[in-house]
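Peer 1: My structure is below; once you've seen it, I'll send some questions.
The values are calculated or read from the model by the stated rules, or taken from the named source; none is laboratory data. None of the values given here were measured: they were computed from a predicted structure. Note: ideal-geometry Cβ built from the backbone for every residue, glycine included; neighbour counts use all protein chains shown. Keep in mind that these areas ignore ligands, DNA and RNA; they rest on the heavy atoms of the full protein, side chains included. Shrake-Rupley method; radii C 1.70, N 1.55, O 1.52, S 1.80 Å.
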Amino acid sequence: MLSVSLSASASAIASGRARSEARRPGGIRLCGPRGDAPACGSLRLSHAAATRRAVPRAAASGNGAAGGGFDYDLVIIGAGVGGHGAALHAVEEGLKTAIIEGDVVGGTCVNRGCVPSKALLAVSGRMRELHDEHHMKSLGLQVSAAGYDRQAVADHANNLASKIRSNLTNSMKAIGVDILTGFGTIVGKQKVRYGKVGFPDKEITAKNIIIATGSVPFVPKGIEIDGKTVFTSDHALKLESVPDWIAIVGSGYIGLEFSDVYTALGSEVTFVEALDQLMPGFDPEIAKLAQRVLINTRKIDYHTGVFASKITPAKDGKPVLIELIDAKTKEHKETLEVDAALIATGRAPFTNGLGLENMNVVTQRGFIPVDERMQVTDADGNVVPNLFCIGDANGKLMLAHAASAQGISVVEQISGRDHILNHLSIPAACFTHPEISMVGLTEPQAREKADKEGFEVSVVKTSFKANTKALAENEGDGIAKLIYRPDTGEILGVHILGLHAADLIHEASNAIALRTSLQELKLAVHAHPTLSEVLDELFKAAKVNSGVSVNELVAA
């Protein structure tokens, strides 16, 4: 979605009407995280899915005029990756579309998240490889001492964000999306007011409204942010300094990726984690191996089971002070003195000031409540007609590509085709070196589900050490893990730690989305020698009973 080709977009829009008319009205389509909903093929659906209601098709009147006397067929509040994906698909469906943005196009992902962080991680990967003398020698290479220019690295991240932001803006302008500047507020049914400080507000009407306002870094109480020595990921991505010793509060995706960057550039890192183990949320077996590869071999130490109850920025020649208390007893444990502290404790929805009270909508810890179709529900649990919420603001799955998939799903619905996104088919990745990726359930989650529903769970694993391509690059550290139902061949989860894990996971995620069984995947052909054979071996290692298949189970 981020590398939109303008010519491809224009071609898609030109053919979109004919293609959408060829689809069966009211047909149900389920797809995974792929940004291009039309690429999802016809699926074999369960009886329950096949009998779900069809949504009345919106009157599409082209990009020039909205139907039903509205200013727009669709107004999107928020121009991040989710809003962008929804806007492009809406225009393809012939909906007159506007997108309101109070900051800059691209949202968190492009400007303060996924995109600039990958630029920094690209640098850290190169530095890590160049500094690994043993690895270089094993390949027959001799490399002199490698160094870096901090400002040039920072400029690389900033320039990439600017380029992608420009691409997104141009892709919407090229197909006629109206980009409205200001902060959007819902003032009534199908009415939005927007404006910016110093200018009069404007009010527009829309047949449908999507809220896609994203999230901001979450900073716990007691932590003082100065943006220089105590900061969030928003500040860290500017790379204004590389501290000798930095504490990272939180060991999830954000914390892990920044630990990779800072240690590659020469910093020592201390993790502060509230839970009893590092990397909560990852499959426990993968987390254990990742700790051995990504933490224990580097200049990283950690404190688990503790809260950072108070963090004071460095000033007057004094270091950053971090007071740690026991997560259970709340007793003081120790005080850390470090050069800097990165607060990576997750993200909070950005939903204040949207006028939700005008629609009797009450947020839950800041998140906007939605049903499985991303339709906003009010304080009484009723669906608010023509109002949807996607992305971080609804809290279902706080990933940029999940927001885009949700946005496309909503457009499918308002275009007359019922669509429910399978969130278990949406992959996630941590871009460390090596990478970690996952889709579906962890092993504990799968076993809990199996106990409740009465089926068996099996697990198989393969190693990157058995893969020719990984060995050719001397990158044999890694594992792939498959969690599945041996009675049906249904994939429940796949977890990968290893070279290019973030790219490899999509075969598994698409298999879950398309309900492809292991019986079918065992017959798939993979080019040799490639890293994709890691998954080929994984699928072939699964022992599936010669009973009912996943597709027969779905159709029952």
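Peer 1: Among the residues of segment 86-102, is there at least one that is assigned to a strand (DSSP E or B), touching a His at 6+ places or on another chain (Cβ under 9 Å) and more than 19 Å from residue 203 (Cα to Cα)?
Peer 2: No, there is no match, as no residue in segment 86-102 is assigned to a strand (DSSP E or B), touching a His at 6+ places or on another chain (Cβ under 9 Å) and more than 19 Å from residue 203 (Cα to Cα).
Peer 1: Please enumerate the residues belonging to segment 522-535 that are surrounded by fewer than 21 Cβ atoms within 10 Å (Cβ to Cβ) and assigned to a helix (DSSP H, G or I).
Peer 2: Answer for segment 522-535, where residues must be surrounded by fewer than 21 Cβ atoms within 10 Å (Cβ to Cβ) and assigned to a helix (DSSP H, G or I): just 533.
Peer 1: Just one of 260, 201, 244 is within 30 Å of residue 293 (Cβ to Cβ) and open to solvent by 40 Å² or more (accessible area, probe 1.4 Å); which is it?
Peer 2: It is 244.
Peer 1: Do you know which residues across segment 502-536 are within 20 Å of residue 423 (Cβ to Cβ) and hydrophobic (A, V, I, L, M, F, W, C)?
Peer 2: Hits for segment 502-536 are 502, 505, 508, 511, 512, 513, 514.
Peer 1: Taking the residues in segment 74-88 that are under 21 Å from residue 189 (Cβ atoms) and hydrophobic (A, V, I, L, M, F, W, C) as candidates, determine which candidate is nearest to the chain's Cα centre (by Cα).
Peer 2: 86
Peer 1: Could you list, ordered by first residue, the pairs with Cβ atoms under 8 Å in which the first is in segment 435-455 and closer than 14 Å to residue 481 by Cβ and the second is assigned to a helix (DSSP H, G or I) and of a type in the set (Lys, Arg), at least 6 apart or interchain?
Peer 2: Short answer, once both residue conditions are applied: 441/449.
Peer 1: Same structure again: Return the residue satisfying two criteria in turn: it lies in segment 247-257 and is open to solvent by less than 10 Å² (accessible area, probe 1.4 Å) and in contact with a Phe, Trp or Tyr (Cβ under 7 Å, 6 or more places away or on another chain), and of such residues it is farthest from residue 497 (Cα to Cα).
Peer 2: By that ranking, first place goes to 248.
Peer 1: Mind checking which residues of segment 112-128 are surrounded by fewer than 23 Cβ atoms within 10 Å (Cβ to Cβ), in contact (Cβ under 8 Å) with a residue 60 or more places away in the chain and among the charged types (D, E, K, R)?
Peer 2: Hits for segment 112-128 are 118, 128.
Peer 1: Could you pull out every one of the helices (runs of 4 or more DSSP H) wholly within segment 395-493 that has 2 or more residues that are within 17 Å of residue 282 (Cα to Cα) and at pLDDT 95 or above?
Peer 2: Helices (runs of 4 or more DSSP H) meeting the threshold: 443-453.
Peer 1: Is there a residue being surrounded by 15 or more Cβ atoms within 10 Å (Cβ to Cβ), touching a Leu at 6+ places or on another chain (Cβ under 7 Å) and over 20 Å from residue 83 (Cβ atoms) anywhere in segment 378-390?
Peer 2: No, segment 378-390 has no match at all.
Peer 1: Restricting attention to strands (runs of 3 or more DSSP E) lying wholly within segment 316-377, give those where 1 or more residues are closer than 21 Å to residue 247 by Cα.
Peer 2: Per the criteria, 320-326, 332-338, 340-343, 347-349.
Peer 1: Counting only residues that are open to solvent by less than 70 Å² (accessible area, probe 1.4 Å) and of a type in the set (S, T, N, Q), how many does segment 361-374 have?
Peer 2: 1
Peer 1: Also, I was wondering about something else. Under 7 Å between Cβ atoms, at least 6 apart or on separate chains: pull out the pairs that start in segment 182-196 with a residue that is farther than 11 Å from residue 355 by Cα and end on any residue that is of a type in the set (Val, Ile, Thr) and assigned to a loop (DSSP other than H, G, I, E, B).
Peer 2: none
Peer 1: Residue 238 passes all but one of (1) in a loop (DSSP other than H, G, I, E, B); (2) free of Cβ contacts under 8 Å to residues at least 40 places away in the same chain; (3) open to solvent by 60 Å² or more (accessible area, probe 1.4 Å); which number fails?
Peer 2: (2)
Peer 1: Follow-up question, since we're still on this one. So which residues in segment 449-494 are of a type in the set (Lys, Arg) and open to solvent by 20 Å² or more (accessible area, probe 1.4 Å), if there are any at all?
Peer 2: 449, 452, 461, 465, 469, 485
Peer 1: Same structure again: Which one is farthest from residue 483 (Cα to Cα), of the residues in segment 497-521 that are outside any helix (DSSP H, G or I) and polar (S, T, N, Q)?
Peer 2: Only one residue tops the list, namely 516.
Peer 1: Would you check which residues across segment 90-111 are open to solvent by 10 Å² or more (accessible area, probe 1.4 Å) and at pLDDT 95 or above and list them?
Peer 2: Once the filter is applied, which keeps residues that are open to solvent by 10 Å² or more (accessible area, probe 1.4 Å) and at pLDDT 95 or above, segment 90-111 yields 92, 96.
Peer 1: Are any residues in segment 274-286 out of contact with any helix residue (DSSP H, G or I) (no Cβ under 8 Å at 6 or more places or on another chain) and buried (at least 22 other Cβ atoms within 10 Å of the Cβ), and if so, which ones?
Peer 2: 286
Peer 1: Now for a different question. Being in a loop (DSSP other than H, G, I, E, B), open to solvent by less than 60 Å² (accessible area, probe 1.4 Å) and touching a residue at least 60 places away in the same chain (Cβ under 8 Å): is that true of residue 270 here?
Peer 2: no
Peer 1: Restricting the search to segment 209-226, which residues are open to solvent by 10 Å² or more (accessible area, probe 1.4 Å) and either aromatic (Phe, Trp, Tyr) or under 25 Å from the mean Cα position of the chain (by Cα) (or both)?
Peer 2: Result: 212, 213, 214, 216, 217, 218, 219, 220.
Peer 1: Then there's this: Taking the condition of being open to solvent by 20 Å² or more (accessible area, probe 1.4 Å) and hydrophobic (A, V, I, L, M, F, W, C), how many residues in segment 67-87 meet it?
Peer 2: Adding up the residues that qualify gives 1.
Peer 1: Taking residue 182, is it more than 25 Å from the chain's Cα centre (by Cα) and surrounded by fewer than 16 Cβ atoms within 10 Å (Cβ to Cβ)?
Peer 2: So residue 182 does not fit the description; no.
Peer 1: Take the conditions acidic (Asp, Glu), modelled with pLDDT of 95 or more and under 15 Å from residue 395 (Cβ atoms) and apply them to residue 372. Does it pass?
Peer 2: For residue 372, the condition - acidic (Asp, Glu), modelled with pLDDT of 95 or more and under 15 Å from residue 395 (Cβ atoms) - is met.
Peer 1: On the given criteria, is residue 386 in contact (Cβ under 8 Å) with a residue 24 or more places away in the chain and either under 30 Å from residue 470 (Cβ atoms) or within 20 Å of the chain's Cα centre (by Cα) (or both)?
Peer 2: For residue 386, the condition - in contact (Cβ under 8 Å) with a residue 24 or more places away in the chain and either under 30 Å from residue 470 (Cβ atoms) or within 20 Å of the chain's Cα centre (by Cα) (or both) - is not met.
Peer 1: Go through (1) modelled with pLDDT under 95; (2) more than 21 Å from residue 435 (Cβ to Cβ); (3) touching a helix residue (DSSP H, G or I) at 6+ places or on another chain (Cβ under 7 Å) for residue 546 and report which single condition fails.
Peer 2: (3)
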